[in-house]
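The values are calculated or read from the model by the stated rules, or taken from the named source; none is laboratory data. Everything quoted here is computed from the prediction, not taken from an experiment. Methodologically, a virtual Cβ is constructed for each residue, glycine included, from the backbone with ideal geometry; neighbour enumeration extends over all protein chains shown.
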Amino acid sequence: MTTTPEERRKNWNILVPYNFDSLSDIALQEAIALSKAFETGLVLLHCNPDEPAKQRLIEIASHIIANHGIKTQCFVPDGNIPELMFALARKTESILIVIGHDCKKTSLQSGLNKTMREMRKSRTPFLMVPEGLHSKSFRNIVYCMGYQKTEKEKILWASYFGRICKSQIHVVMPKASDQFFKTGIRSNLQAMDKLYNLAEIDHKAVPVDANVHKAMSSALEYSNSIQAGAFIILTTLRPDIFDFFSGTDDIVAVRNIWSVPVLCINPRDDLYVLCN
């Protein structure tokens, strides 16, 4: 007997590494909002705890259950945080990992650059949430259309916001004069139109006066102008020498001056499919 997408969603969770600091609180607040939007449970992870930490985490989970009605589980294992986090994400069917940051350090209690290096190993997409109060909702989701085949992962993930959260998807379209870029963008655009029209997802194209290499900045500025709940980007799995000096696109996006949350997806051979 097969299960429906709605039945499978009952097992979904959102994972929050929680270390009892302000950045963890930022991540938790965003995760609660996401759990309500996607109708998922919450998973709180704190590694290498003492007894007081275990009790505090249980109290936080009880508070979430009582005040938000979200099923919340606590895990307090000993060991290496990234390895345990990735394994727990798989075990609990977590669709997202949520991490808070202040552009320098993160709720994983490491620097932003180190956190991004570690998170590029994750098969689970992760949302980087900047500090500060957010008036944003998930009504608007933004990504920039690129020319590579892996762009379809952004297209697919945005569709979940459109289907489940009823978000409007804003697709920023860069200028392209090179035939190679044009062909790649056209192919991805056709795949997007087919999926979004079939699923009846509200979406719009947003042309910008920037090429494929500079469109991200325009897309982030646009995200801020519409108070987007997230900007979706693919991570840079193999940084080159130029990234060493200027920073990889994913880190530049996460550090955006508009405090737009950035949903990072690691490119992979098989598409990350949540539902049919």
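A few notes on this one:
- Selection within segment 163-197 - among the hydroxyl-bearing types (Ser, Thr, Tyr) and in contact with a Gly (Cβ under 9 Å, 6 or more places away or on another chain): 167, 196
- Of the listed requirements (1) out of contact with any Gly (no Cβ under 7 Å at 6 or more places or on another chain); (2) modelled with pLDDT of 95 or more; (3) farther than 15 Å from residue 16 by Cβ, residue 80 misses just one: (2).
- Of the strands (runs of 3 or more DSSP E) lying entirely inside segment 153-256, those containing at least 1 residues that are among the charged types (D, E, K, R) are 168-175, 203-211.
- Among residues of segment 11-30 that are within 15 Å of residue 131 (Cα to Cα) and modelled with pLDDT of 95 or more, those with a beta-carbon under 9 Å from a residue that is of a type in the set (Lys, Arg) and assigned to a strand (DSSP E or B) at least six positions away or on a different chain give the pairs 23/105.
- Output for segment 127-145, where each listed residue is surrounded by 23 or more Cβ atoms within 10 Å (Cβ to Cβ) and either among the small types (Gly, Ala, Ser) or more than 28 Å from residue 211 (Cβ to Cβ) (or both): 129
- All positions within segment 10-63 that are under 23 Å from residue 141 (Cα atoms) and of a type in the set (Lys, Arg): 36
- Residue check for residue 74: over 13 Å from the mean Cα position of the chain (by Cα) and in the same structural domain as residue 237 (by TED's automatic domain parsing): no
- Conditions (1) assigned by TED's automatic domain parsing to the domain that holds residue 93; (2) charged (D, E, K, R); (3) crowded, with 19+ Cβ neighbours inside 10 Å; number of the one not met by residue 123: (3)
- Selected residue (criterion: modelled with the lowest pLDDT) from residues of segment 237-276 that are more than 22 Å from residue 162 (Cβ to Cβ) and of a type in the set (Val, Ile, Thr): 241
- Of all the residues in segment 79-101, those that are over 14 Å from residue 13 (Cβ atoms), of a type in the set (Val, Ile, Thr) and surrounded by fewer than 23 Cβ atoms within 10 Å (Cβ to Cβ) number 1.
- If only residues of segment 176-223 that are crowded, with 16+ Cβ neighbours inside 10 Å and among the aromatic types (Phe, Trp, Tyr) are counted, the one that is nearest to residue 151 (Cα to Cα) is 181.
- Qualifying residue in segment 150-168 (condition: within 20 Å of the chain's Cα centre (by Cα), under 19 Å from residue 254 (Cα atoms) and either of a type in the set (Asp, Glu) or assigned by TED's automatic domain parsing to the domain that holds residue 113 (or both)): yes
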